[in-house]
Amino acid sequence: MSEINPAAQSLSEQEQVRHDKRARRLAEGKQAYPIAVPRSHSAAEVHAAWDHLNAGEETTEVVSVSGRVVFIRNTGKLCFATLQDGFTQTEDGARLQVMISLAEVGADTLDAWKAEVDLGDFVSVTGQVISSKRGELSVLATDWTLASKALRPLPTLHKELSEETRVRQRYADLVARPEARDMLRTRAAVTRSLRETLYAEGYLEVETPVLQLVHGGAAARPFNTHLNAFDTDMTLRIALELYLKRAMVGGADRVYEIGRIFRNEGIDSSHSAEFTMLEAYQAWGDQASIAAMTKRLVQNAADAALGTRVIDTPAGEIDLDGEWEWRPVYPTLSGSLGEQITPETPAAGLRKIAEAHSIEVNPAWPAQKLVMELFGELVEPHLLQPTFVCDYPPLAQPLAREHRSDPNLIEAWDLIIGGVERGTGFSELIDPVIQRERLLAQSLKAAAGDPEAMQLDEDFLAALEFGAPPMGGMGLGLDRLIMLLTGVGIRETILFPLLKPLQ
């Protein structure tokens with residue numbers, strides 16, 4: 001009985017040819033996707049052991065190698081192919097040439113290679129390690145076998161993929177572009193560096209719930225879902241903060257989590273609805289000590305990913321070894337506008353400034369919100385070098401402590417590098433009475449229809465009432481850190497970013 005292929009009508013000519021080859025192989029009693037094939041060495045191991053061979057030099061060593069066919073050239077009596085065999089650690093050594101010669105394998109095996117193998121297929125080749133006449137390390141085959149038949153053709157390796165194709169078909173992107181493989185290794189190196197830095201400084205890695213009964217820890221619109229087992233509405237977390245602070249109440253003095261965050265908001269070159277955050281909390285610390293730790297995290301990540309702390313950008317050179325300046329919100333905004341802005345400046349005056357600079361604002365926004373909007377539009381994009389923007393109005397962070405010397409401000413900072421916010425930190429509010437007042441005010445906003453306002457989390461407040469040590473806390477956007485180090489948009493830093501479905 002022949003196989004039924006419901007998608008046959010939509011197959012391209014190349015796809016139909018590959019389906020036919022698969023069907024023919026099965027009809028001949030061969031496997032198109034065997035469980036195991038001969039493999040004694042990786043391509044990297046062959047390079048490590050025999051890269052010293054001179055052009056034309058041969059060995060008596062026989063190996064079995066495997067990988068994806070990314071180049072193929074079939075001539076009369078001698079066929080060449082390049083196998084790509086992984087890239088986990090490095091690009092070097094991931095590719096290896098194989099040669100299928102009539103003199104070594106015979107006519108039937110050579111003809112089968114020509115008839116059955118396409119670009120993209122995975123194969124296993126057994127043979128002698130040699131260096132070709134042109135000096136390329138190779139395996140001269142005595143036998144070969146198909147490991148996995150590719151039913152779709154590879155993208156053209158010498159033709160640039162569109163950004164949309166790259167992010168929608170990341171599997172193809174990884175095959176085709178060294179830059180995509182580099183990004184995967186860079187992200188792994190940055191993540192490992194963050195963990196190593198925190199481990200060296202005595203931080204304990206923990207995991208906290210993704211599904212939460214009450215959303216909080218940030219001003220953001222959550223994703224809503226329903227837990228059937230409890231018949232209870234829940235949300236996906238918008239921050240890591242509140243559960244990490246519970247751990248601090250329990251006695252952990254330094255904790256962190258690298259976790260996925262979900263915010264049902266806009267998606268653009270620097271925002272994703274699903275992204276990764278690092279949050280860390282330090283007992284007996286404050287905004288200054290946690291900022292110093294954040295600086296070490298970023299510098300060490302640059303060392304791991306780039307081997308340098310100097311980053312070239314279209315806006316100029318960023319020096320992570322230079323001064324990390326502290327710039328308070330009100331004086332800095334005043335300097336930018338050429339007029340004094342203080343916590344007493346009325347909202348009406350701030351709205352006029354926004355109008356003069358063609359900045360759209362909500363007429364209902366209070367003065368503190370308008371100050372933050374003006375700063376974000378007029379100042380932040382021009383902060384190229386690492387800058388801790390500090391002394392925010394209280395509205396900015398309901399979970400931050402009141403400033404020790406000015407009740408109109410809070411002890412909070414945003415880290416701006418290259419004109420983009422990369423992280424935030426503050427001296428944590430641990431007074432449960434004041435925290436209740438702030439969360440109650442947030443819950444009233446939520447009840448009034450503000451989709452980004454936090455809810456009243458009674459369990460979190462109960463935890464604070466047990467007593468928490470003075471602490472500093474920070475959050476660092478992992479994707480935005482990698483954007484800084486690589487100069488690409490957020491979609492390129494995420495292996496499989498959230499995308500609008502194709503119609």
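The values are calculated or read from the model by the stated rules, or taken from the named source; none is laboratory data. All figures in this text were calculated on a predicted structure; none of them were measured in a lab. No Cβ is skipped: glycine too gets one built from the backbone with ideal geometry, and neighbour counts run over all protein chains shown. To get the accessible areas, we keep the full protein, side chains included, count just its heavy atoms, and leave off ligands, DNA and RNA. Shrake-Rupley method; radii C 1.70, N 1.55, O 1.52, S 1.80 Å.
Within the range 414-471, the chymotrypsin sites (Phe, Trp or Tyr not before Pro) that combine a DSSP coil assignment with at most 13 other C-beta atoms in a 10 angstrom radius are Phe466.
Accessible surface calculations at 1.4 Å, restricted to protein heavy atoms, place the range 373-503 at 41 Å² per residue.
A straight line joining the Cα centroids of the range 104-119 and the range 202-269 runs 56 Å. Under a Cβ-Cβ cut-off of 10 Å, what is the net charge of the residues other than Arg309 that fall near it, where Lys and Arg count +1 and Asp and Glu count -1? So the environment of Arg309 carries a net charge of -3.
Any idea what diffusion coefficient the range 319-363 gets from Stokes-Einstein, in µm²/s, Kirkwood Rh on alpha carbon pairs, 37 °C, 0.692 mPa s? Write out the running numbers ahead of the final one.
On the way: Rh = 12.3 Å.
Here the translational diffusion coefficient equals 266 µm²/s.
Here the ratio of the Cα radius of gyration of the range 325-454 to 2.2 N^0.38 Å is 1.06. The helix-based estimate of mean residue ellipticity at 222 nm for the chain, built from -39,500 (n - 2.57) per DSSP H run of four or more residues and divided by its residue count, is -10000 deg cm²/dmol to the nearest 500. Over all Cα atoms in the range 398-451, the spread is summed up by Rg and Dmax: 13.7, 38 Å. Rounded to the nearest 20 debye, the dipole magnitude of the range 350-455 is 160 debye, with +1 charges on Lys and Arg beta carbons, -1 on Asp and Glu beta carbons, and the Cα centre as origin. In the chain, the portion of solvent-accessible area held by carbon and sulfur atoms comes to 52 percent [1.4 Å probe, whole percent, DNA, RNA and ligands not counted].
Computed with every protein chain present, the accessible area of Asp92 is close to 120 Å² [probe 1.4 Å]. Which percent of the Cα-Cα distances in the range 33-124 go past 20 Å? Tail of the P(r) past 20 Å holds 39 percent of the pairs.
Across the range 185-238 the C-alpha pair distances fall into 5 Å bins from zero in the proportions 4, 17, 15, 13, 13, 16, 12, 8, 2 percent. Summing charges over neighbours of Thr126, with a neighbour being any other residue whose Cβ is under 14 Å away from its Cβ, gives -2 when K and R count +1 and D and E count -1. Rolling a 1.4 Å probe across the protein heavy atoms gives the range 156-303 an accessible surface of 47 Å² per residue. The distance linking the range 291-368 with the range 139-201 is 36 Å (Cα centroid to Cα centroid, whole angstrom). Of Tyr33, Tyr243, the residue with the largest accessible area leads and the full order is Tyr33, Tyr243 (1.4 Å probe).
Note on the range 102-228: Cα-Cα pairs beyond 21 Å make up 70% of the total pair count. Shape summary of the range 270-393, radius of gyration then Dmax from alpha carbon positions: 17.3, 50 Å.
With no solvent and one point on each alpha carbon, what is the Debye value of log10 I(q)/I(0) for the range 270-336 at q = 0.29 Å⁻¹? Results for the range 270-336 at q = 0.29 Å⁻¹ read -1.14. Orientation-averaged projection of the chain equals 31.2 nm² [convex hull of Cα atoms, one quarter of hull surface area]. Projected over all directions and averaged, the alpha-carbon convex hull of the range 1-155 occupies 10.3 nm². Can you tell me how the range 75-130 classifies by the Cα gyration tensor, rounded, prolate or oblate, using a/c under 1.5 as the rounded cut? In terms of gyration-tensor shape, prolate.
When the Cα positions of Asn54, Phe388, Gly376 are compared along the charge dipole of the chain, Asn54 comes out farthest toward the positive end, with charges on each C-beta of Lys, Arg, Asp and Glu.
Along the axis of the charge dipole computed for the chain (Cβ charges of +1 for Lys and Arg, -1 for Asp and Glu, origin at the Cα centre), the listed residues Leu151, Pro470, Pro432 are led at the positive end by Leu151. Over all pairs of different C-alpha atoms, the range 151-284 has a mean inverse distance whose reciprocal, the Kirkwood radius, equals 17.8 Å.
What is the sum of charges around Gln212, taking Lys and Arg as +1, Asp and Glu as -1, for the other residues whose C-beta is under 15 Å from the C-beta of Gln212?
On the way: positive: Arg221, Arg237, Lys245, Arg246, Arg260, Arg263; negative: Glu207, Asp233, Glu241, Glu257, Glu279, Asp457, Glu458, Asp459.
Value of the local net charge: -2.
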